[in-house]
Amino acid sequence: MKTQADQPVLRGLYWQRLWMPLFVVFLLSVSLSLSPTVVIALSDWNNGFNHPLQGWDHLLTMVAVGIWAAQLRGQAIWLLPLAFVSVMGLGGLAGAVGLSIPGVELIVLLSCAVFSALIVQKLRFSSKINTLIVVFFAFFHGYAHGQEIATSVSLFSYTLGFMVATLLLHGAGILTARLMVLTMAFLVGSNAYAQQTTGDAGVKSETSTSKPNDNQPVELEEMVITERADTQIGIADSASQGNVGQAQLKYRPISRPGEILETVPGLIASQHSGEGKASQYYLRGFNLDHGTDFLTEVDGVPVNMPSHSHGQGWTDTNFLIPELIETVNYKKGVYYADNGDFSSAGSANIQYFSDLPSSIIKFTGGSFDYYRGLIVRSQKLGNGKLMFAGETIHNNGPWTLGNEYLKFNGVLRYSQEHGDSGWSATAMAYKADWKSTDQIPKRALNQGAIGRFDSIDPTDGGNSQRYSVTGEWHRQSATSETKVLVYGTYSKLDLFSNFTYFLDNPVRGDQFSQPDERFTSGLKATHTFFHTIGKAESESTFGLQIRNDNIHNALLLTQAQQTYNTVRKDNIWQTSISPYVQNKTRWNDWLRTDVGVRFDGFGFNVANSNIADNNGERYDGLFSPKAGIIFGPWAETEFYLNGGLGFHSNDARGVNTRIDPKSGQAVDRAVPLARSYGAEIGVRTTWIKGLQTTLAVWWLDIDSELLFAGDAGTTKASRPSRRYGVEFSNVYSPTDWLTFDADVSFSKSRFRGNVSEGNFIPGSIETVIAAGATFHDVYGGFFGGTRLRYFGPRPLIENNSVRSQPTILLSAMLGYKFNKTWTVQAEMFNLLNRKDSAIDYYYASQLRNEISPVNDIHFHPVEPISFRLSLTANF
């Protein structure tokens, strides 16, 4: 029988179950992944032990944490020190691998002031808030000292010594607090001493409840909140998996459809040309170009285009309609058996609604001749539901030569649900035309030759079309689930660009055209069995993915969009067949596993090439195992260990090219499939009510970043690479009408091997900070939100001698809903009116008045401060 006196003991045992596994898992992960030798070097241990004793800021903070823990008493005496040391180790890891985090020293100094105030003022919060304060500062203390670790020492030995010294400093603080209490008790008298020791023992008289005890920690009243429906505890297979729904999307200011993917923590979508061109993406140390290594799907239909004329994995999301998006499901890493080509960095599946609660008519007008009209209708038809939407957009942008961007977009969907089964059919149509203001050289701007929003070649531009038909069927019973998806897509692009101006042709200029026309068809089918392994619940999935692309593309030399020469022209037939199997098992209440393996077989056929030697057919295939182990939950906290193999395909033209179409020289054919290897350690917690936090430490190697350069018509070979980093994501909903989010990502990317030109990967992203707040139903009907995006500096050349500047953008939305029908909203972009770059490159170009090429930074400016005003009718 449990008595009231037993409760502190039971709570202590409970918290030991939570923190001891965390502490052990952390130490094991450090020892297995970082230690260069199993033998602990005594000198390295001594160096680590002495290090925290030599810095006054670390020494004072460690002692202060111990004093504050002693003041709080109870489980805080051991909980706070262990929490500090554990998270400090993660920060040390981030510092040791060389990740760049701004403002660390300032936060370390701030910690001294904060803990001093907590001690002097005797401030006491709930145990969750206390722990959150400690672990926040612990990460930055660990990072600061991790940066000072010499590369020659044993990281395990050094870290172990550092942790032992830190725990001893915590103990010194606890001892100091106890001695102070005993001293005061001795001076005041034995009666005071007796009262204090009684309080320390945690004994509380049942008859003294009418008067609060000043010596007991004050528990702040918890705020009542409504948890988000997309919590992933007990569901997600990694810390870097999640989803964002329409409830968050509709209160975010969004300037273009590509920014939908910025809901993926750590991802940046940018633009360096006209509005109709696909965005440029950055994630996990990658400059993903227009989509290479990040898989994007809409209702399961892949958007990435292999062997595209402009770039491998071309991902044009301009056909998206934000109001129709139900959810964005994202996964990062190579740990998922259902993801294959283009998914080494991650993936996102954007799912549309099948039905909406009301129909929508919306009109938007704004700066730079921006106009948008939208109509969405949802109604019952027969035994199912019919939804259709139409959208048109015009946008000139701030450019001296207006974009004249004109887009027409439509969606038609019919769906039926019959108990445990259902089906849907969807048709989409999209068409756009635009003029481009591409990136410009900085020297031309500095010399006053052009303005910030001018162009070098005013005839750049393009047009794009996309038409698709999709059929989907699903069925579920108590023992199994089946899903089948078939799709067909026709797309066409005519793109005219000039990035080097007069470098290759001083007379006609360097404009080129990259037409691409293709028909894509595919099948995705899965069948899942629900069963048991012994007493463990399990599900096994067998999947099959088939895709075929019939492509006609070319690289043409043009002047004012008129062709005068052909560099290469090809017909391509690319096919892939990908079966996979996956098993998810819950072995007990604290252990889950997710294992799988897939095979990807590819055929690359190039025919009717203008260079006969570049015709050919090649085949290749890879097996890719995946695995994940999930521990927990303990106190609404799960721990993840993931690993797997992945790949990306290379352009079919590069796979078969024997003759460089520009130089006419013989070249080696590209490897068809480039292998990638990845692993991740992570944690996800909803321990603090209303707050969802994930922390992931990841690593990714790629054997070769061989990419077909569509701008040159040939393959550019690069060395093997290595990337690793830390991602920290948070969503906090203190009430049902207010949500905050903050995502911080740090990564380090290098080519493997030492060469004279350097090991930095040009354009590789290092730091991303994204934060914002959304609110709704305030003061009768107000809603809106703010978004802050920090796109950190990046190396632009292999030796890191040229770097980009950071980009900071602040945007906001404010709206009011008058009644069920009428809503008005205003959006403002680049509120700080910063003159940053949307994107930067470093390469050689030549202006008309120059006699030789010049290496220079070429940039595309962000748009200046602008606004949009929308009126919406729901009926």
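Counting alpha carbon pairs within less than 8 Å and at least 6 residues apart, what relative contact order, in whole percent, applies to the chain?
About 10 percent, as a whole number.
Kindly report the accessible area of the range 809-874 per residue (heavy atoms of protein chains, probe 1.4 Å, no ligands, DNA or RNA), in Å².
Spelled out: the 1.4 Å probe surface of the range 809-874, per residue, equals 51 Å².
Quote the FRET efficiency, to the nearest 0.05, computed for Ala826 versus Trp573 with a Förster distance R0 of 60 Å and r equal to the Cβ-Cβ distance.
E between Ala826 and Trp573, to the nearest 0.05, is 0.75.
For the range 103-174 and the range 742-774, what is the centre-to-centre distance using only Cα atoms, to the nearest Å?
About 26 Å separates the Cα centre of the range 103-174 from the one of the range 742-774.
Give me the accessible area per residue for the range 440-562, probe 1.4 Å, as a whole number in Å².
Per-residue accessible area for the range 440-562 comes out at 44 Å².
Under the rule a/c < 1.5 gives rounded, and otherwise a/b versus b/c splits prolate from oblate, where does the range 288-392 land using the Cα gyration tensor?
oblate
Can you tell me the orientation of helix 76-96 relative to the chain, as the angle in degrees between its alpha-carbon axis and the longest Cα principal axis, to the nearest 10?
30
Could you work out the local net charge near Arg413, counting Lys and Arg as +1, Asp and Glu as -1, over the other residues with Cβ closer than 14 Å to its Cβ?
Here the count lands on -3.
Rounding to the nearest 10 and keeping the result within 0 to 90°, find how far the Cα-based axis of helix 56-72 lies from the longest principal axis of the chain.
60
If you project the alpha carbons of the chain onto their three principal axes, what span does each projection cover, largest first, in Å?
Principal-axis extents of the Cα atoms in the chain, largest first: 101, 69, 59 Å.
Work out, step by step, the length gained on full extension between Lys380 and Ile129: first 0.36 nm times the residue separation, then minus their alpha carbon distance; give nm to one decimal.
Roughly 85.4 nm would be gained on extension.
Placing +1 on the Cβ of each Lys and Arg and -1 on the Cβ of each Asp and Glu in the chain, which of Thr563, Trp587, His310 has its Cα farthest towards the positive end of the resulting dipole?
Working it through, the farthest residue towards the positive pole turns out to be Trp587.
Given R₀ = 22 Å, what would the calculated FRET efficiency be for Ala666 paired with Arg508, taking r from the Cβ atoms and rounding to 0.05?
Approximately 0.20, to the nearest 0.05.
If you add up the charges near Ile456, with Lys and Arg at +1 and Asp and Glu at -1, over every other residue whose beta carbon is less than 9 angstrom from its beta carbon, what do you get?
Local charge sum for Ile456: -3.
Using 0.36 nm per residue of separation minus the Cα-Cα distance, give me the extension gain between Thr231 and Ile808 in nm, one decimal.
204.7 nm
Around Ala144, what is the net charge, scoring Lys/Arg as +1 and Asp/Glu as -1 over all other residues with Cβ under 12 Å from its Cβ?
Summing Lys/Arg as +1 and Asp/Glu as -1 gives -3.
Hey, got the Cα dimensions of the range 761-875 along the principal axes, in Å, largest first?
64, 32, 24
List the residues whose amide H sits under 5 Å from the amide H of Gly346, counting only those 5 or more places along or on another chain, with H placed 1.01 Å from N in the peptide plane.
Close amide H contacts, sequence-distant or interchain: Leu295, Gly333.
For the chain, what is the charge dipole size about the Cα centre, in debye to the nearest 20, if Lys and Arg each add +1 at the Cβ and Asp and Glu each add -1 at the Cβ?
That gives the chain a dipole magnitude of about 760 debye.
Using only Cα atoms, tell me the angle between helix 190-200 and the longest principal axis of the chain; keep it within 0 to 90° and round to the nearest 10.
The helix 190-200 is inclined about 40 degrees to the chain.
Heavy atoms only, probe 1.4 Å: what % of the accessible area of the chain goes to carbon and sulfur, would you let me know?
Here it works out to 61 percent.
Let me know the charge dipole size of the range 306-380 about its Cα centre in debye, to the nearest 20, where only the beta-carbon of Lys, Arg (+1) and Asp, Glu (-1) is charged.
Around 200 debye, computed over the range 306-380.
Rounded to the nearest 0.05, what FRET efficiency do Tyr779 and Glu539 give with R0 = 35 Å and r taken as the Cβ-Cβ distance? Could you check?
0.15
When the convex hull of the Cα atoms of the range 237-305 is projected onto a plane and the area is averaged over all directions, what value comes out in nm²?
Computed as one quarter of the Cα hull surface, the answer is 5.7 nm².
Suppose every Lys and Arg Cβ carries +1 and every Asp and Glu Cβ carries -1, with no other charges. What dipole size does the range 815-875 come out with about its Cα centre, to the nearest 20 debye?
460
The values are calculated or read from the model by the stated rules, or taken from the named source; none is laboratory data. Owing to the predicted nature of the structure, the values given are computational and were not obtained by experimental measurement. Virtual Cβ from ideal backbone geometry, glycine too; neighbours counted across all protein chains shown. Each accessible area value is taken on the protein alone, full model and side chains, heavy atoms only, with ligands, DNA and RNA left out. Shrake-Rupley method; radii C 1.70, N 1.55, O 1.52, S 1.80 Å.
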